[in-house]
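The values are calculated or read from the model by the stated rules, or taken from the named source; none is laboratory data. In this text, all values refer to a predicted model and were calculated from it rather than measured experimentally. Note: ideal-geometry Cβ built from the backbone for every residue, glycine included; neighbour counts use all protein chains shown.
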């Protein structure tokens, strides 16, 4: 959803996996713990880049598995500086489990090793509580991107 949404809105996209995979390629990753460390660094990079874009007057689409009760301290100051909305993509638990097991990402994510411990009902199952307009999109059924774009434009 993030790539076509950013394209349709004409905004830059800052996506967690894009940044994390660049860090993994540059710095190396030799296990699950290192992958987690690089994940934490990735969020620091994302938030810094987002602040910079807002500083120069550019909007953005910020994509990651933001968790309720975890992401608000970093997201709230950004949202306060922009006409922000939340588009929360979700799917039923079993669909998410199957997607996680089947996806092919950079090997540094260690998806196969983490599949059994992956928390499907954790903080990212609900959108961050930011007091912003929030559109919940069930990605297990076809979604009309034009409807999402119209909602984002109207809600901002």
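Any residue in segment 138-156 that is farther than 23 Å from residue 60 by Cβ sitting within a Cβ distance under 7 Å of a residue that is in a loop (DSSP other than H, G, I, E, B)? List the pairs, counting only those 6 or more apart or interchain.
Within 7 Å, the pairs are 138/91; 140/91; 140/92.
Scan (1) modelled with pLDDT of 95 or more; (2) over 24 Å from residue 143 (Cα atoms); (3) assigned to a loop (DSSP other than H, G, I, E, B) for the single condition residue 84 breaks and write down its number.
Result: residue 84 passes all but (2).
For residue 46, work out the one condition from (1) closer than 20 Å to residue 152 by Cα; (2) touching a strand residue (DSSP E or B) at 6+ places or on another chain (Cβ under 9 Å) it doesn't fulfil.
Exception for residue 46: condition (1).
Being out of contact with any helix residue (DSSP H, G or I) (no Cβ under 7 Å at 6 or more places or on another chain) and assigned to a helix (DSSP H, G or I) is the filter here, so list the residues in segment 87-110 that pass it.
93, 94, 95, 96, 97, 98, 99, 102, 107
For residues in segment 121-133 being surrounded by 13 or more Cβ atoms within 10 Å (Cβ to Cβ) and touching a helix residue (DSSP H, G or I) at 6+ places or on another chain (Cβ under 9 Å), which is farthest from residue 75 (Cα to Cα)?
Only one residue fits best here, namely 125.
Only one residue in 31, 10 is surrounded by fewer than 16 Cβ atoms within 10 Å (Cβ to Cβ), in contact (Cβ under 8 Å) with a residue 24 or more places away in the chain and more than 17 Å from the chain's Cα centre (by Cα), so which one is that?
Values: 10 fails: in contact (Cβ under 8 Å) with a residue 24 or more places away in the chain.
The conditions single out 31.
Which residue out of 5, 54, 78 is in a helix (DSSP H, G or I) and touching a residue at least 40 places away in the same chain (Cβ under 8 Å)?
Working: 54 fails: touching a residue at least 40 places away in the same chain (Cβ under 8 Å); 78 fails: touching a residue at least 40 places away in the same chain (Cβ under 8 Å).
Matching residue, one of 5, 54, 78: 5.
Kindly evaluate residue 59 against the criterion of being at pLDDT 95 or above, touching a helix residue (DSSP H, G or I) at 6+ places or on another chain (Cβ under 8 Å) and in a loop (DSSP other than H, G, I, E, B).
yes
Among 9, 23, which is at pLDDT 95 or above and within 22 Å of residue 87 (Cβ to Cβ)? Step through it out loud before you land on a result.
Values: 23 fails: within 22 Å of residue 87 (Cβ to Cβ).
Every option except 9 fails the conditions.
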